[in-house]
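The values are calculated or read from the model by the stated rules, or taken from the named source; none is laboratory data. Computed from a prediction, not measured in an experiment: that's the story for all the values here. Here the Cβ is made from the backbone with ideal geometry for all residues, glycine too, and neighbour counts use every protein chain on show. The area values use the complete protein model at the heavy-atom level, side chains included, leaving out ligands, DNA and RNA. Shrake-Rupley method; radii C 1.70, N 1.55, O 1.52, S 1.80 Å.
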Protein chains: 2
Amino acid sequence: MATSMVKLMLFSALILLSLQAVVSVTPLHFQHPLDPLTKQEISLVQTIVQNKYPSSSNRLSFHYIGLDEPEKDAILKWESIKPTVITVPRKALAIVIINSQTHEILIDLKARRIVSDNIHSGNGFPTLSVDEQVVAIELPLKYGPFIESVNKRGLNLSEVVCSTFTMGWFGETKDRRTVRVECFMKESSPNIWVRPISGLAMVVDLELMKIVQYHDGGIIPVPTADNTEYRFSHQNPPFGPRQHSLATHQPQGPGFQINGHSISWANLKFHIGFDPRAGIVISLASIYDLEKHKSRRVLYKGYISELFVPYQDPTDDFYYKTFFDAGEFGFGLSTVSLVPNRDCPSNAQFLDTYVHAADGTPLLIKNAICVFEQYGSIMWRHTETGIPMNRSKKRDGSQLSGKNCCYRGQLRYIIDWEFKTSGSIKPSIALSGILEIKGVDIKHKSEIKSDQHGILVSANSIGVYHDHFYIYHLDLDIDGVANSFEKTSLKTVRVTDGSSKRKSYWTTEVETAKTENDAKIILGLSPGELSVVNPNKKTSVGNDVGYRLIPAIPAHPLLTDDDYPQIRGAFTNFNVWVTPYNRTEKWAGGLYVDHSHGDDTLAVWTKKNRDINNKDIVLWHVVGIHHVPAQEDFPIMPLLSTAFELSPTNFFERNPVLKTLSPPDVQWPGCPK
Amino acid sequence: MATSMVKLMLFSALILLSLQAVVSVTPLHFQHPLDPLTKQEISLVQTIVQNKYPSSSNRLSFHYIGLDEPEKDAILKWESIKPTVITVPRKALAIVIINSQTHEILIDLKARRIVSDNIHSGNGFPTLSVDEQVVAIELPLKYGPFIESVNKRGLNLSEVVCSTFTMGWFGETKDRRTVRVECFMKESSPNIWVRPISGLAMVVDLELMKIVQYHDGGIIPVPTADNTEYRFSHQNPPFGPRQHSLATHQPQGPGFQINGHSISWANLKFHIGFDPRAGIVISLASIYDLEKHKSRRVLYKGYISELFVPYQDPTDDFYYKTFFDAGEFGFGLSTVSLVPNRDCPSNAQFLDTYVHAADGTPLLIKNAICVFEQYGSIMWRHTETGIPMNRSKKRDGSQLSGKNCCYRGQLRYIIDWEFKTSGSIKPSIALSGILEIKGVDIKHKSEIKSDQHGILVSANSIGVYHDHFYIYHLDLDIDGVANSFEKTSLKTVRVTDGSSKRKSYWTTEVETAKTENDAKIILGLSPGELSVVNPNKKTSVGNDVGYRLIPAIPAHPLLTDDDYPQIRGAFTNFNVWVTPYNRTEKWAGGLYVDHSHGDDTLAVWTKKNRDINNKDIVLWHVVGIHHVPAQEDFPIMPLLSTAFELSPTNFFERNPVLKTLSPPDVQWPGCPK
């Protein structure tokens, strides 16, 4: 029974962990070459780097410790053989600031040695560490001019809480690793974010770890704490009616199996990795084709490569707020533990992971990822009526979801990858959290005389306009590595020769993108479909096997092309891009995105206009939301989500769920049907 | 306990039904003035009409028997008082063809008399009856020329099954009530739809009930039955792995209460009606506002008004296939019973309804609608990290879904209305079923020399290009009847005066639509938001209370404006329309859509360009899908769905789920957490 297998595996994992805690039997405990670094491996990286740069004589901070992904052909070879021992090299990349210089240190984990140690000399800085931010936000509380500003406003310094904000780049030629620090009032409400002390501009140099710029632009009232409370324990009656409990019951246990980080479920298998920067990474997703009697690969790798969140207020307090949440703060580093029964349904199973502290110490994140099946409606349904036959046939199905949550400043991102037995893959991202609020001396909309760059969501509180753009890296390998990108346009044809009673109809024109420029798509301009096909594999009737991108409603950037934030976030210029596979082109906004100048983005890489026809290609998809805030977003936002789908299109000979066995109906005690 | 209440109600309903079957205690058993006609009321309509037009001397067929909806002000008055007896008039509308003339007969059900009896003299015909179609499809089997065509092709007549197809209108000045009949081979496979006998054109006059046109265009091979089987019992191994069972468990029972057709759940209440033409109708949706201590109405009425499904093949076999599935065939009339545990999850509850046969007899549809709660992910989530506080707060929620399935020809539509405690309403429609297949003498794509107007989905089988357009009638009443339609545009502003380090930002421009022409919107042309607001009700900070339309990715018609099908389906010319409330403007394609000339559509009504500012207004929303078939759609399509959302926007003072009580966690026997 699968149930006992899953339980057995979980127990095994627990036993191994407890053994490790005591005797640390096997320092390199991983099962798949794409598994994230283990606790022992992170410690090993820490030790090796500290051995070369002893902290007695060096100032070290670790900004990234992650798997240096093996070459794709090595992985594919391993995957096709699955030897009992892992023959693929196992390396880690550490990005470490050592005495204010950024080192890229590549470490061979098996040989326990440094392979290379290069100093980054270009623009931009690594992902911030949580630790340095914790130090930076304490600085204002001991800084004379800030204390004076607080006193001048009649505020209580002991109730002030500060936070760090990345500064972006606005054409400066000289860069230092700096952040803005803004402060908020906590007092009676935990919701500091909606209670900014506006009008102060304060810059901290992270290398000097001191305040290097300070300006008090004048007193603006701190919005009141009234109605900003979100903790249920602090709400006053009347309360909403209590909902009834609802849980998912699986008498045979979960239908999926987790083996380390490898998941198999129904006709699907894939690997869930984890990266300190990207968070959840899906690899090697394949579907078992019953007719071809083999597993066919679809997705070599998929993850969220970058986010761009430009606020739309050009004034001194806000102009710089143009965040790149993955590269500046790290989706993986910002991951919080999922709460069973709350963040994931009661039938979910969880995976833990490790990230690193700034000193290189491994940090456990319990329940970083959850995996669960959910009711997936019917897959197809057919009933005959009106003709002399009597049949009612349908097949119902469930879906598998892999979920991960990242927290960044006020916002929480919920990353979800949903798999269906039909072969569809549906990535989605949802965000919740607290709006960026600008304090204003306005209590009612009628007092607004000029553009406030947002919506008055509460007295003295402007919810500032902003965008959320997410770019997915989707290295599709449709039934093999060599793929092409196909654009199908829908075109109106006018009937002018009287050959039909119709005056018009539409038909399709298919174009294969030859180079990167052919594949830069702004969605929504004209009707059509976009697919990645394998031109070397055809169905029995001669169609190229493929997968189609079913996009969400698209959003396009509204900043001008020459504006600095847009240069840095130029990967949002198109909704779809296709590049030839290149192991180093991972981060659409650049590897060093803090203070970046936009010289290492997807928009720059694709200027080479490389050949993408019948090559190993990567699809990049930008999804976005323009956010005009509303009072419902205050004091804490409801979930705002967007999703798209990758769907098999002539990939199978026919509907692949025809031969799916429906599960037996559930009967449970005390709940007669 | 709510559990026992729900069970009590269900038992009550069962008892009443069984009593009625025996003694028929109360002929007018309904509880709400918007309840669909009861079995007794349909019988009463039948009796009253037959009394006036005895079938001994008249030929009668009932094409519609439905509730003649009371005036809105009467309903609202009733709703505000909720007297124990229903004081609102109760009328039925019957559309009856009597001796080839279409009668609109309005009946007062309390007085048991005919209020009016008018003869329709305009273009178009009523919805087809199932009964007449059943007769029509038998005609070819006894028709000499057809039998000859079958023999000529070497086909077995006893394996031929036919079906009816509405004919549309292509500029003809003289109309008769006719349908095309097409025939298919059943033989070993039940999937007749993919095995057309192509090349035959056959027209049946429904009044004469005989074949009035016949043309054999020559022999085209009938696609093979191989691989067309969809019944699981007829599939051959190997099978896909059996999925594990998955059911939803609610130890306190469902969180909603059904009282007749009125549903209350958490902070929401609404009425589920049912119409023979529209199917499911949602009315009087209101949300209880904890802060204002009252229920606030949002949606007076919502339903799918029409569908338009134009196929894109101009040749003789296909040009006429431009279906209006709701008006021509009746969504309600085509409703099939939902299967517990398959079409709806195990925790669903079901509502039955009655429709009518062509002779006026009431027909029970068991389980026509299901209502269920489902896991709705978290509503919001917030955790503080990186600042010296330690909090993790979230509120999780479930969703309520009302679902209904309609079957039309090869297609099955699944209509869903999802409600969230945040106040969001998410209507969706999904379709499954069998493609319209054109038989061709082509077995491989390499043989295709000219436009086949579709995709070769199997040997000899072209899946023809087509669109699905759905138009929703959404009579929003945002906190009152008088509303306005607001267009918020997002505009780029260039910074040219050096006042900011930014070169650009975006801001919003709000325009209130004055007349119908201002509110005709093609989505996707420019970024922005669309809302219905109540300009007479403001939040405490002065925002108009409102609801926002969050659309799906839009589809626009590709037929030319002057093409006959597009004239009939001109309601698809825009994705959004707004009209002043008018009780008679219910069907966007016209009341008589079979053979319609497009003179009674939403596009015609709005030519009056009526005032819609601060009026009782109706929002119409067109969602659509262009369908380029794929082999996965063969022999039966996976679910293809589209959804949009109506979301509160400054409707509440703040996030309305802050005070929602999370349900207790579930523990059940044998499944320790």
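Worth pointing out:
- Of all residues in segment B:554-587, those satisfying the criterion of being under 27 Å from A:Glu529 (Cβ atoms), in contact (Cβ under 8 Å) with a residue 40 or more places away in the chain and part of a loop (DSSP other than H, G, I, E, B) are B:Pro554, B:Ala555, B:His556, B:Pro557, B:Leu558, B:Leu559, B:Gly569, B:Asn573, B:Phe574, B:Asn575.
- When B:Ser158, B:Ser163, B:Ser188, B:Ser149 are checked against the criterion of being open to solvent by less than 10 Å² (accessible area, probe 1.4 Å) and among the hydroxyl-bearing types (Ser, Thr, Tyr), a single residue qualifies: B:Ser149.
- Qualifying residue in segment B:633-651 (condition: of a type in the set (D, E, K, R), in contact with a Leu (Cβ under 6 Å, 6 or more places away or on another chain) and modelled with pLDDT of 85 or more): yes
- Screening B:Phe11 against (1) at pLDDT 50 or above; (2) assigned to a helix (DSSP H, G or I) leaves a single unmet condition, (1).
- Screening A:Leu284 with (1) in contact (Cβ under 8 Å) with a residue 40 or more places away in the chain; (2) in a loop (DSSP other than H, G, I, E, B); (3) open to solvent by less than 10 Å² (accessible area, probe 1.4 Å) gives one miss only, at (2).
- The single condition from (1) open to solvent by 10 Å² or more (accessible area, probe 1.4 Å); (2) in contact with a His (Cβ under 8 Å, 6 or more places away or on another chain); (3) at pLDDT 95 or above that B:Gly480 fails is (2).
- Enumeration of residues in segment A:554-578 that are of a type outside the set (Asp, Glu) and within 8 Å of another protein chain (Cβ to nearest Cβ): A:Pro554, A:Ala555, A:His556, A:Leu558, A:Leu559, A:Thr560, A:Tyr564, A:Pro565, A:Gln566
- Residue list for segment B:501-520, restricted to those being outside any strand (DSSP E or B), open to solvent by 20 Å² or more (accessible area, probe 1.4 Å) and more than 30 Å from B:Arg297 (Cα to Cα): B:Lys501, B:Lys503
- Residues of segment A:235-255 satisfying the condition of being assigned to a loop (DSSP other than H, G, I, E, B) and of a type in the set (S, T, N, Q): A:Gln235, A:Asn236, A:Gln243, A:Ser245, A:Gln250, A:Gln252
- Positions within segment A:445-469 being free of Cβ contacts under 8 Å to residues at least 24 places away in the same chain and open to solvent by less than 10 Å² (accessible area, probe 1.4 Å), in sequence order: A:Leu456
- Residues within segment A:574-622 that are open to solvent by 10 Å² or more (accessible area, probe 1.4 Å) and among the β-branched types (Val, Ile, Thr), tallied: 2
- One residue from B:Val115, B:Val49, B:Val45 being outside any loop (DSSP other than H, G, I, E, B), under 27 Å from the mean Cα position of the chain (by Cα) and either touching a residue at least 24 places away in the same chain (Cβ under 8 Å) or not assigned by TED's automatic domain parsing to the domain that holds B:Phe184 (or both): B:Val45
- Any hit, segment B:348-359, residues being over 30 Å from B:Met167 (Cβ atoms), buried (at least 21 other Cβ atoms within 10 Å of the Cβ), touching a Cys at 6+ places or on another chain (Cβ under 6 Å) and touching a residue at least 12 places away in the same chain (Cβ under 8 Å): yes
- Taking the numbered list (1) part of a strand (DSSP E or B); (2) under 30 Å from A:His597 (Cβ atoms) in turn, A:Leu363 passes all entries but (2).
- In summary, B:Ile437 fulfils each of the numbered conditions (1) at pLDDT 85 or above; (2) over 27 Å from B:Lys321 (Cα atoms) with the single exception of condition (2).
- Residue among B:Arg342, B:Arg391 that alone is at pLDDT below 60 and facing chain A (nearest Cβ under 7 Å): B:Arg391
- Count of segment B:256-274 residues which are in contact (Cβ under 8 Å) with a residue 12 or more places away in the chain, open to solvent by 20 Å² or more (accessible area, probe 1.4 Å) and either in a loop (DSSP other than H, G, I, E, B) or within 10 Å of chain A (Cβ to nearest Cβ) (or both): 4
- Qualifying positions in segment A:191-205 - open to solvent by 10 Å² or more (accessible area, probe 1.4 Å) and within 14 Å of chain B (Cβ to nearest Cβ): A:Arg195, A:Ala201
- Residue check, B:Val130 loosely packed, with under 15 Cβ neighbours inside 10 Å and in contact (Cβ under 8 Å) with a residue 24 or more places away in the chain: no
- Among the residues making up segment A:110-120, those that are at pLDDT 95 or above and either touching a helix residue (DSSP H, G or I) at 6+ places or on another chain (Cβ under 9 Å) or open to solvent by 60 Å² or more (accessible area, probe 1.4 Å) (or both) are A:Arg112, A:Arg113, A:Ile114, A:Val115, A:Asp117, A:Asn118, A:Ile119.
- Qualifying position, being more than 29 Å from the chain's Cα centre (by Cα) and farther than 23 Å from A:Ser121 by Cα, among A:Pro89, A:Pro83: A:Pro83
- Each residue in segment B:521-549 was checked for being modelled with pLDDT of 95 or more, within 28 Å of the chain's Cα centre (by Cα) and surrounded by fewer than 17 Cβ atoms within 10 Å (Cβ to Cβ), and 1 of them qualify.
- Filter result for B:Ser233 (more than 28 Å from the chain's Cα centre (by Cα) and on the phi < 0 side of the Ramachandran plot): yes
- Among residues of segment B:96-109 being in contact with a strand residue (DSSP E or B) (Cβ under 9 Å, 6 or more places away or on another chain) and assigned to a loop (DSSP other than H, G, I, E, B), the one that is surrounded by the most Cβ atoms within 10 Å (Cβ to Cβ) is B:Leu109.
- Test: B:Asp352 is at pLDDT 90 or above and part of a strand (DSSP E or B): yes
- Residues in segment B:588-642 that are of a type in the set (Val, Ile, Thr) and either in contact (Cβ under 8 Å) with a residue 40 or more places away in the chain or part of a loop (DSSP other than H, G, I, E, B) (or both): B:Val593, B:Thr601, B:Thr606, B:Ile612, B:Ile617, B:Val618, B:Val622, B:Val623, B:Ile625, B:Val628, B:Ile636, B:Thr642.
- Positions within segment A:443-487 being in contact with a Pro (Cβ under 6 Å, 6 or more places away or on another chain) and part of a loop (DSSP other than H, G, I, E, B), in sequence order: A:Asn460
- Residue in segment B:302-315 that is at pLDDT 95 or above and closer than 30 Å to B:Ser540 by Cβ present: yes
- Any chance A:Thr224 is touching a Ser or Thr at 6+ places or on another chain (Cβ under 7 Å) and more than 7 Å from chain B (Cβ to nearest Cβ): no
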